[in-house]
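The values are calculated or read from the model by the stated rules, or taken from the named source; none is laboratory data. Predicted model only: the values in this text are computed from it and were never measured. As a convention, Cβ positions derive from the backbone with ideal geometry for all residues, glycine included, and neighbour counts pool all protein chains shown. Only protein heavy atoms, including side chains, enter the accessible area calculation; ligands, DNA and RNA are left aside. Shrake-Rupley method; radii C 1.70, N 1.55, O 1.52, S 1.80 Å.
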Amino acid sequence: MSIYQEIILEHYKNPRNFGTLKSPSKKTSVSNPSCGDKIGMDVVFTGKKLMEIKFSGQGCAISRAAASLLTEYCKGKTNEELQKLDKEFMIKLLGIELGPNRIKCALLPLEALHKLL
Amino acid sequence: MNLKNIRKDFPIFRHHNALVYLDSTATSLKPQSVIEKEVEYYEQYSANVFRGIYKISERATSEYKKTREIVAQFINANKPEEIVFTRSTTESLNLLAYSLGRKIVNEGDEIVSTIMEHHSNFVPWQQLAIENGSTFKVINVNNDGYLDLDNLKSQMPASPAGRSNIKSAAKNSNLEKLKQVITRKTKILALTYVSNVLGTINPMKEIAAAAKKINPNIMVIVDAAQALPHMKVDVRDLGVDFVAFSSHKMLGPTGVGVLWGKYNLLQEMFPFNYGGEMIQEVYVDRTVFKEPPLKFEAGTPHIAGVIALKEAIHYLRSIGLDVVRRHEMEITQYAINLLLSEFKGQLRILGPRDVDHRGGIVTFTFANYHPHDVAQILDEDNICIRVGHHCAMPLHESLRINATVRASFYIYNTKDDVEKLVEGLKKVQKILR
């Protein structure tokens, strides 16, 4: 099965929550030096709830789609709920099987999110 | 030997019928005879070398020594004792940084390398300089992918380098800028013969001569990992001091590297690893080391691998390196032409346009498609290419590119492979557009 499924390509070509926030309560960036991918992430928390999230940067189809799907999922969730998200969650979210090299692409946005919690 | 039926010598094509292998710059495929030679050692005389006073050990020792002779002949070394077996090109170069570098480079001295190096011929020198307070200088590349050594934009025709039919980047034959980099303080010039990204064939003989003219004591160290498998290399004709290369890129087994050095220089260097087989006499307070090459071959070597390297050289010789080179030039030219005509304005090829100055390597960027996506989609059709920075991050940084796509060719590749690559790239466009 190709990993370039409709849902992945749709989020890659039309990423949700792409850009930056005007006044984020927190921001961070992560990178994968082996492929040069960089993801910036801005969030606004109100109390313990994540109210706003945006991501920016350069990446492959998988990392971009993963960031798009993840940011969509995150809105309205609490800090505790988001801390529980792991590798298995990302695989389920994307709905594809990824080899050991490409799984890093899918996990990059999650790494950014976890740095903000 | 005819290259037409050559694929039947490579058993991997029987296991993967539709394999389009375009990553020989990373490692080459292996012919049956090399695989069989390695099995022969394990099945028939799998004893340790040098010490056994019994027949199978003597057989192993004799096969091992024979390889040293064959390698010496293959690169026209002065004698077999100038050939040191290591694990890899990387280890050969690290050996030099340790055993030579720490002997001759002191605080205030200079080491010169280039921006197009593989990390293995860059980091050991950079780290040596950081460690001992010497200066690490780096020669840049110009927009055409040549070393930036020429002040005058000379239009001199390419001239044959050495005895082979290889023409190197003789555009740089003026080499004026070398004087700005190399001084009397420069102890080491470490550079690659063929860039593993740009494909550029550096005018090694001319550079070595020019460097030694500025400073007769300079040691010229050549990373020939991408040269040896593809073209005739005559180490004496090059006028350099050390040459490093790997077995696995020239049809041989992984785990075997070669370091060639002038014998008197090898004698003067520090040992590298201490241990078995590199020692003459050991006392509680002192040790007497063996002479090169054994001085640098502590521990049981990769005996099967070394022995099978002999078979790889035999195979390459039976084809003829001039045939190998001509085949690669033809296929590289075909690839460059086809890629540029099929993907006008979408695809940018790095490195020299002239295949006279270029090995069988075509590295490119493709629209704004991420190289990892390109590789993944090509893999769906069993097309193996390499993406990333190819262990040459300083070069990519200098070109302001994160990652590139690289297709590389060897004797078993055909124009059909190039056409499949083009079809694959069209599929990439279709999916990601």
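Among the residues of the range B:376-384, is any closer than 18 Å to A:D37 by Cβ and open to solvent by 30 Å² or more (accessible area, probe 1.4 Å)? Scanning the range B:376-384 turns up at least one residue that is closer than 18 Å to A:D37 by Cβ and open to solvent by 30 Å² or more (accessible area, probe 1.4 Å). Among residues that are over 29 Å from B:P80 (Cα atoms), within 17 Å of the chain's Cα centre (by Cα) and not basic (K, R), B:V197 is included. For the range A:11-28, give me each residue that is polar (S, T, N, Q) and within 14 Å of another protein chain (Cβ to nearest Cβ). If the condition is that a residue be polar (S, T, N, Q) and within 14 Å of another protein chain (Cβ to nearest Cβ), then A:N14 is the only one that fits.
Within the range B:90-108, take every residue that is touching a helix residue (DSSP H, G or I) at 6+ places or on another chain (Cβ under 6 Å) and open to solvent by less than 10 Å² (accessible area, probe 1.4 Å) and give me the one that is farthest from B:R317 (Cα to Cα). Looking at the filtered set, the residue picked out is B:G101.
Condition test on B:N94, is it assigned to a loop (DSSP other than H, G, I, E, B) and either among the acidic types (D, E) or modelled with pLDDT of 95 or more (or both)? Spelling it out, it is not the case that B:N94 is assigned to a loop (DSSP other than H, G, I, E, B) and either among the acidic types (D, E) or modelled with pLDDT of 95 or more (or both). Might you let me know whether the range B:82-89 holds any residue that is under 19 Å from B:H314 (Cβ atoms) and either surrounded by 15 or more Cβ atoms within 10 Å (Cβ to Cβ) or among the hydroxyl-bearing types (S, T, Y) (or both)? Looking for residues that are under 19 Å from B:H314 (Cβ atoms) and either surrounded by 15 or more Cβ atoms within 10 Å (Cβ to Cβ) or among the hydroxyl-bearing types (S, T, Y) (or both), one finds at least one in the range B:82-89, hence yes. Considering the range A:40-74, the residues that are within 14 Å of chain B (Cβ to nearest Cβ) and open to solvent by less than 10 Å² (accessible area, probe 1.4 Å) include one that is nearest to B:V387 (Cα to Cα), namely A:C60.
Only residues that are open to solvent by 50 Å² or more (accessible area, probe 1.4 Å) and within 29 Å of B:I188 (Cβ to Cβ) were counted in the range B:291-300, giving 1.
What do you reckon, is B:G320 at positive phi and open to solvent by 60 Å² or more (accessible area, probe 1.4 Å)? No; evaluated as a whole, the condition is false for this residue.
Exactly one residue out of A:S31, A:S2 is crowded, with 16+ Cβ neighbours inside 10 Å, out of contact with any Phe, Trp or Tyr (no Cβ under 7 Å at 6 or more places or on another chain) and within 14 Å of chain B (Cβ to nearest Cβ): that is A:S31. Checking B:A227, B:A208 one by one, the residue that is of a type in the set (G, A, S) and either at positive phi or not in a loop (DSSP other than H, G, I, E, B) (or both) is B:A208 and no other. The criterion of at least 2 residues that are crowded, with 19+ Cβ neighbours inside 10 Å is met by the following helices (runs of 4 or more DSSP H) wholly inside the range B:1-81: B:32-44, B:55-75. Checking each residue in the range B:329-354 for being out of contact with any Lys or Arg (no Cβ under 6 Å at 6 or more places or on another chain) and more than 30 Å from B:K430 (Cβ to Cβ) picks out B:M329, B:D354.
A residue that is modelled with pLDDT under 95 and more than 29 Å from B:P371 (Cα to Cα) can be found somewhere in the range B:259-276. Taking first residues from the range A:81-107 that are on the phi > 0 side of the Ramachandran plot and partners that are among the β-branched types (V, I, T), the Cβ contacts under 9 Å between residues at least 6 apart in sequence or on separate chains come to A:G95/A:I7; A:G95/A:I8.
Would a scan of the range B:276-288 turn up a residue that is under 19 Å from B:Y193 (Cβ atoms) and touching a residue at least 12 places away in the same chain (Cβ under 8 Å)? For the range B:276-288, residues under 19 Å from B:Y193 (Cβ atoms) and touching a residue at least 12 places away in the same chain (Cβ under 8 Å): absent. Among the conditions (1) away from chain B (no Cβ under 13 Å); (2) open to solvent by 50 Å² or more (accessible area, probe 1.4 Å); (3) in a helix (DSSP H, G or I), A:L93 misses just one, which is (2). Scanning the range A:80-114 for residues being of a type in the set (S, T, N, Q) and modelled with pLDDT of 95 or more gives a total of 1.
Those strands (runs of 3 or more DSSP E) of the range B:322-433 in which at least 2 residues are within 14 Å of chain A (Cβ to nearest Cβ), considering only elements entirely within it, cover B:361-366, B:386-388, B:404-408. Hey, could you check the range B:260-290 for residues that are among the polar types (S, T, N, Q) and assigned to a strand (DSSP E or B) and say which is surrounded by the most Cβ atoms within 10 Å (Cβ to Cβ)? Restricting to residues being among the polar types (S, T, N, Q) and assigned to a strand (DSSP E or B), the top hit is B:T287.
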